[in-house]
């Protein structure tokens, strides 16, 4: 049984004032594997005060000092990569075949931030004005359970690069990951108060961060519903916000696509991270003239995808993170059937042999209209829908007919045509034919997928404020 009973404030592990204990589960077995003691509003205020005290000195550190610190942090995280991978498997249920990238990416975030900082000029001349980019102050970072460690490191790296300080509220459901990350960051020798981490509930710790007049900015990754609440509260003190929220991303398969490449691509971006991903390509747009061909291919491919024990190397889809999330996904599968969609693969219930965990069958619906609930709302599980279209123009219209605009995907063979379609899609990122993610490119979304951008220079400048001096 893992008992985590401390938070990290002002450079030290301390016992929180809050006393509530939160159960940690292994989603593969539905068993309790530990508990975390949750901080409260008093702990959050102490963390904010520590970050505020640290800001003056840290904001005056040189680029060279911050670059050296970022590299130490990256090295410290890399040294704990194996431990982090084990925690991701144990408390999140990520398949072992796809879990190591979280630890590697977390470590790489710091080295990448150092690289960006190396070439960044904080002072520039614009006409007669000398413009300096200055750190914002104390920042609140709120991270989700589907990639908790990764988001802590990614956001913190840019905070440190900017010269700001922060208070982090990680998902309480990911406390094992948080503990490993915190220990690694502490070992790297970060000045006291530069980062503080308080485990706690969103309506307690998150609410205190959102309302505090001493917090200059909030960077939040999570649901659109929570993002709206943060935005409303932040407006009272004119906080800057970066909100990376939900998605209902389209995968547009053009009529010249190679079916042998397009189907694995679409399933990969749809079922990635066990379907628990804001960027998942959950709406698959297929040319009506080839619908039957693609339906047969998707059905055959889906039946080969294993949903089960995350420690089995053949597993591609692990369990849902909680029974609540499992119930949510099941309710959407039932809703799809009620609305008249045709079940092509998967369906309600658990896959054979997975009676104890929160597993979901890899599910695909066809005969779906874009106005159906399963085509409109973010399900956050391995449930995909196939929507037919007639022309490229109709595909673009369907793809953009959504409240979201985080990611989009295109499969096809004609570069000029792909470029023309990509230029019309309303999405923060468009990936073509399985292209790799570019970590320096901006990440974020249009419409209700959020506000602002992370990653690269865009991510750094999200924690800076320009000041113009003339005369």
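If you go through region 424-446 and pick out every residue that is under 25 Å from residue 136 (Cα atoms), in contact (Cβ under 8 Å) with a residue 40 or more places away in the chain and surrounded by fewer than 21 Cβ atoms within 10 Å (Cβ to Cβ), you end up with 3.
Screening residue 54 against (1) in contact with a strand residue (DSSP E or B) (Cβ under 9 Å, 6 or more places away or on another chain); (2) loosely packed, with under 15 Cβ neighbours inside 10 Å leaves a single unmet condition, (2). Taken together, 349, 357 contain a single residue that is loosely packed, with under 15 Cβ neighbours inside 10 Å, at pLDDT 95 or above and under 18 Å from residue 27 (Cβ atoms), which is 349. Has region 98-117 got any residue that is in contact with a strand residue (DSSP E or B) (Cβ under 6 Å, 6 or more places away or on another chain), part of a helix (DSSP H, G or I), surrounded by fewer than 20 Cβ atoms within 10 Å (Cβ to Cβ) and assigned by TED's automatic domain parsing to the domain that holds residue 219? No, region 98-117 contains no residue that is in contact with a strand residue (DSSP E or B) (Cβ under 6 Å, 6 or more places away or on another chain), part of a helix (DSSP H, G or I), surrounded by fewer than 20 Cβ atoms within 10 Å (Cβ to Cβ) and assigned by TED's automatic domain parsing to the domain that holds residue 219. Taken across region 43-52, residues that are in the same structural domain as residue 133 (by TED's automatic domain parsing), closer than 26 Å to residue 175 by Cα and not in a helix (DSSP H, G or I) do not occur at all. Candidates 438, 465, 394, 355: the one that is outside any strand (DSSP E or B), closer than 30 Å to residue 160 by Cα and out of contact with any helix residue (DSSP H, G or I) (no Cβ under 7 Å at 6 or more places or on another chain) is 438. Just to be sure, is residue 223 within 22 Å of the chain's Cα centre (by Cα), within 29 Å of residue 141 (Cα to Cα) and outside the structural domain of residue 376 (by TED's automatic domain parsing)? When the stated conditions are applied, residue 223 passes them. Considering 130, 124, the condition of being surrounded by fewer than 24 Cβ atoms within 10 Å (Cβ to Cβ) and free of Cβ contacts under 8 Å to residues at least 12 places away in the same chain is satisfied by 124 alone.
Under the condition of being assigned to a strand (DSSP E or B), crowded, with 24+ Cβ neighbours inside 10 Å and touching a helix residue (DSSP H, G or I) at 6+ places or on another chain (Cβ under 6 Å), the residues counted in region 235-251 number 3.
The values are calculated or read from the model by the stated rules, or taken from the named source; none is laboratory data. What you are looking at is a predicted structure, and each value in this text was computed from that prediction instead of being measured. Ideal geometry is used to build each Cβ from the backbone, glycine not excepted, and the neighbour counts take in all protein chains shown.
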